[in-house]
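Some notes on the structure that comes next.
Every number here is computed from the coordinates shown, using simple stated rules; none is lab data. Worth saying up front: this structure is predicted, and the values here are computed from it rather than measured. Cβ coordinates were reconstructed from backbone atoms using ideal geometry, including for glycine residues, and neighbour counts include every protein chain displayed.
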Amino acid sequence: MRPLARAALLAPALVAAACSSYNPLVWVGIMSTPANPPTPLTPIDAKVTPRAVWTAGVGKSKGFNLRPAIDQGKVYAAAADGTVTVLAEDTGKQVARFETKKPVAGGLEVAGGRIFAGTLKGQVLALDTAGKSLWTAQVAGEVIAPASVSRNTVVVRTSDGRIFAYAIADGKRLWVYQRPTPPLLLRSAAGVLAVGGDVVAGYPNGKLVALDLDDGKLTWEATVALPRGSTELERIADVAGLPVIDGASVCAGAFQGKVACFEITTRNVVWSRDISTARSLATDQKNLYVVDDTGAVLALDKRSGASVWKQDKLRYRQLTAPVVFDGRVVVGDGFGYLHVLSADDGALVGRLATDGSAVTSLVPGLSALFAQTAGGSVVAVHF
């Protein structure tokens, strides 16, 4: 095994991820296949019938967890080769299609009439909705996560954990935040969460931080989990998925660590559970939803952390992060299926096959749930 310095081992997604059999031996090349085969699908007692109301081809993802963006009745989706396709949200009809001529790796964000994309070559692209380049900013690192926008500021994160903020209007750099990283870390495609005047992000060694949007200064830091083990692989405890802000609390999960919720104002721990995840979290009025490292889907009471249910019939199927849509929990898998779970008891109540390639992301919209696949499809789903 060659030495890895600040190595990128895995690319878990933001709203989705392509791998769920988290075996470090596979990541570093000691093993060529996951230790656990995917759980076969079995018949379900369907209570809902998810259906694809339209499907559109947008170009292949080539291994990246590309995510569509929804804005003003339109769906914006990128392919890894830099093609951006704009679709009507209700019909899937192509509104526009243009080439950025840049290898897009970070998915899309749309705000203020602008499209933002990141590239493997460390570029942040700002385009108008017709595809005209407005500005390009250069960062020293791969941008494999979607940008986040708040208060006329676009915030991006590089794969080595640095966070950059730019003015939406002209791309002027406003600040950069960086901190030391351990020798081994997960290559996170989760990015950051910019909400109001705060930027919230997970970091290696189980850290969750908040920055001031105006100047990038650290405003608070909390520990989701502490690294454990005698080897560098065992001590990876990265907060790799996006946290979720729920009222006065913020919750996050750490790989080989815990899922924990904190009071935002005091940073006190509300509760924590020994659950390992590298996925983003989801929440509704009652529960917090987690996909753990085996692919089990769990619901936790968001006030106490108590277990509500666990669904383990999708283990090792390379699940995306969970999303909540139409009162139900939905995950995609690495074989092209969407799975609908009851929010009450976790029962599998619906299933939909897409194009047979891995589902890379799920994005709830006002009218439908949108899935993007590795094979290059965007699918609008109704229940």
- Query: When the chain is treated as a GNM, springs tying every alpha-carbon pair under 10 Å, which of Val331, Val269, Val363 comes out with the largest mean-square fluctuation?
  - Reply: Val269
- For the stretch 341-383, Kirkwood radius (reciprocal of mean inverse C-alpha pair distance, Å): 11.4
- Near-label residues of the stretch 314-358 by backbone N, under 14 Å of a point 7 Å along Cα→Cβ of Ser307: 346
- Task: Summarise the long-distance tail of P(r) for the chain by giving the % of C-alpha pairs beyond 34 Å.
- Result: 21
- Message: Using 23 Å as the Cα-Cα cut-off, could you pick out the over-long pairs in Lys258/Lys302; Lys132/Lys217; Lys74/Lys172?
- Response: Lys132/Lys217; Lys74/Lys172
- Considering the chain as a Gaussian network with a 10 Å cut-off on Cα pairs, which listed residue, Asp312, Asp170, Asp292, attains the greatest mean-square fluctuation? Asp170
- Message: Given a 10 angstrom Cα cut-off, can you work out which residue in Thr231, Thr223, Thr277 is the most mobile in a GNM of the chain?
- Response: Thr231
- Message: Under the 0.36 nm per residue contour assumption, what length would be gained going from the current alpha-carbon distance of Ala347 and Val176 to full extension?
- Response: 57.1 nm
- Given H placed on each backbone N at 1.01 Å, which residues far from Ala343 in sequence or on other chains put an amide H within less than 5 Å of it? Val329
- Message: For Gln72, project a label point 7 Å along Cα to C-beta. Then give me every residue of the stretch 114-129 with its amide nitrogen under 12 Å of that point.
- Response: 114-115, 128-129
- Task: Give, rounded to the nearest 20 debye, the magnitude of the charge dipole that the chain has about its Cα centre when Lys and Arg contribute +1 at Cβ and Asp and Glu contribute -1 at Cβ.
- Result: 600
- Interchain or long-range residues, amide H under 5 Å from Ala96's placed H: Val86
- Item | Computed label-point distance, nm, for sites Ser133 and Leu41 using a 7 Å Cα→Cβ extension | 4.3
- What ratio of Cα Rg to 2.2 N^0.38 Å holds for the stretch 172-300? 1.02
- Message: What is the distance in Å between the Cα centroid of the stretch 327-383 and that of the stretch 81-111?
- Response: 20
- Of Gly63, Gly253, Leu218, which is farthest along the charge dipole of the chain in the positive direction, counting Lys and Arg as +1 and Asp and Glu as -1 at C-beta? Gly63
- Only Lys, Arg (+1) and Asp, Glu (-1) charged, at Cβ; the stretch 259-299 dipole about Cα centre in debye: 100
